[in-house]
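To keep things clear, I will list the structure first and then write my remarks on it.
No value in this document is a laboratory result; all are computed from the given coordinates. None of the values given here were measured: they were computed from a predicted structure. So basically every Cβ, Gly included, is an ideal-geometry build from the backbone, and we count neighbours across all protein chains shown.
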Amino acid sequence: MKNTSLLQEEKRATLLFMWLFYIVFFLYDIFYYNFLPFFPWALELPDKIWYYLSFVKHFIIICLIPVTIYFFKKGKPENVKYILVITYLITNLVTDIYYYFGNQESYSSGNLVEVVIILFSPIFINKRFFYLITLGIILKYIVVGVFIQDPVVFFPVILNILLAFIAYMLLHRFLIYVQALKDSYNEQLAGIVKGVIATLELKDPYTRGHSERVAEYAISLAKATGQVKESNYNHFYYACLLHDIGKVNIPDSILTKSSKLTDEEYEIIKTHPVVGAKAIKDVEGIADHIAVVYHHHERWDGKGYPDGLKGEETPLVARITAIADAFDAMTSTRSYRPALPFGEAYQRVIDGKGTQFDPKLVETFKQVYPDWMTIFKKYNKDQSLKEGSNHENP
């Protein structure tokens, strides 16, 4: 799932940036180099070579419009600003060097669009993009200066450094404000999630500590794989905490039943991933990891539920959570059996390689197993704490 609101904000910022870029580019560049020389007060006309180079540059920039449309349709507006700026810098570098190299004229290039690019870069709240355009523009002038050996090039370098300093102060303030909003949102979200988990534990006391341990195990395994972005850890953790939230819809008589479940009761148990996914589908951030809730009972061999997905059809985050959930279920006391020894639970996960669990993740599980023992001890200092389960197969 995509974070729709952030995607829309990126689109709006990119559209604003493009409008500013093209308006300034054409109004300044084309007018200055193609029309101004014909006015009576113009000092001299540029030669034909400049007109040809200018035409080529304008043609290339115009050709970027269908490219930007393509990326917008693909839902990747973040690529547009990089393509636009990099193309602009390269074309300017080539045309400037080609025209001024060996030319006796003093360097007088530069464009107001560069001022717009630098000063408006903070709207993306992206340090990487800011560094790209700042260093790119400054490097362009340095390279041109090396080729044409004209000290006047230092003037636009100094000017752009000053503009970059102003833009960075704006960007820094934006980043601080955004981080404050993120922290506030995460604190509120954490409070809500913990409140929901507490409610579930009241309904089924055997679930005490289960969600926290599963989340800790899953994060440990996710980090070890190197395939989950660090920026996603927070919301992935919250999704793991809520992986069993659908059980609030399961009757207490089934959740706490100490004897074997009937087929009908087990079918009711199997509805909790679907119910849980519906509960979080509109929660921004956590909804991006809805697969954790919906698919954490899928199996590698396709014999899981609710959709019977096989192999890598199940999203990675759900396959990670499946191992964490099963391991904690086996090492925790249930209403119908005591907790299994750690060694036995470890071996059962190993034995499930290629059948119940992703073979590659099982190998990674072996690496993080010592960390999981530490996590277990952290959440189980008092051995009387009991973890809830719900008659799910480990």
### Residues R208, R128, sorted so that the one with the fewest Cβ neighbours within 10 Å comes first
R128, R208
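Would you mind calculating the gained length between F154 and L139 on full extension (0.36 nm times residue separation, minus the Cα-Cα distance), in nm to one decimal?
Net length gain for the segment: 4.3 nm.
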### Query
So, in nm, how far is label F26 from label I90 when the simple model puts each one 7 Å beyond its Cα toward the Cβ?
2.3
### Task
Estimate the FRET efficiency between L16 and I161 by the formula 1/(1 + (r/R0)^6), using the beta-carbon distance for r and 22 Å for R0, to the nearest 0.05.
0.35
### Query
Which of these, I118, I83, I245, has the largest mean-square fluctuation under a Gaussian network model of the chain (Cα springs below 10 Å)?
I83
#### Entry: Cα-derived Rg over Rh, computed across region 205-269 with Rh taken as Kirkwood radius
1.11
### Query
Between rounded, prolate and oblate, where does region 204-379 land on the alpha carbon gyration tensor, with a ≥ b ≥ c its root eigenvalues, rounded for a/c under 1.5, else prolate if a/b exceeds b/c?
rounded
### Task
Tell me what the chain gives for mean residue ellipticity at 222 nm when only DSSP H runs of n ≥ 4 count, each as -39,500 (n - 2.57), the sum divided by the residue total, rounded to 500 deg cm²/dmol.
-21000 deg cm²/dmol
### Query
Taking the Cβ of F155 as the center, what net charge do the other residues with Cβ under 15 Å away carry, scoring Lys and Arg +1 and Asp and Glu -1?
-2
### Message
With the crude spin-label approximation of a point 7 Å out along Cα→Cβ, what separation in nm comes out for Q347 versus Y369?
### Response
1.1
### Task
Using a Förster distance of 30 angstrom, determine the FRET efficiency expected from the C-beta separation of Y185 and K377, and round it to 0.05.
0.40
### Query
In what order do Y185, Y168 fall by count of nearby beta-carbon atoms within 10 Å, going from fewest to most?
Y185, Y168
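Which net charge results for the neighbourhood of F72, defined as the other residues with beta-carbon distances under 13 angstrom from its beta-carbon, given Lys and Arg at +1 and Asp and Glu at -1? Walk me through the numbers before you get to the answer.
Values: positive: K11, R12, K73, K74, K76, K81; negative: E10, E78.
Net charge around F72: +4.
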### Task
Would you mind checking the tilt of helix 316-330 against the longest principal axis of the Cα atoms of the chain, expressed as 0 to 90 degrees and rounded to 10?
20
### Summary
Net charge (Lys, Arg +1; Asp, Glu -1) of residues whose beta-carbon lies under 12 Å from that of M18, M18 excluded, is +3
### Message
Let's see if you can work this out: charge +1 on each Lys and Arg Cβ, -1 on each Asp and Glu Cβ, no other charges. What is the dipole magnitude of region 139-252 about its Cα centre, in debye to the nearest 20?
### Response
160
### Message
Run the reach check for K257 against lysines, Cα to Cα strictly under 22 Å, same-chain hits fewer than 8 apart removed. What comes back?
### Response
K203, K247, K270, K386
### Query
So who's got an amide H within less than 5 Å of the one on F357, skipping anything under 5 residues away but keeping other chains? H placed 1.01 Å off N, in plane.
W300
### Query
Once phi is turned into θ = phi - 60°, what whole-Hz ³J(HN,Hα) does the Karplus curve with 6.51, -1.76 and 1.60 give for every residue of region 353-358, x standing for Gly and Pro?
4, x, 10, 8, 10, 4
### Most mobile of H58, H272, H235 in a GNM of the chain (Cα contacts under 10 Å)
H58
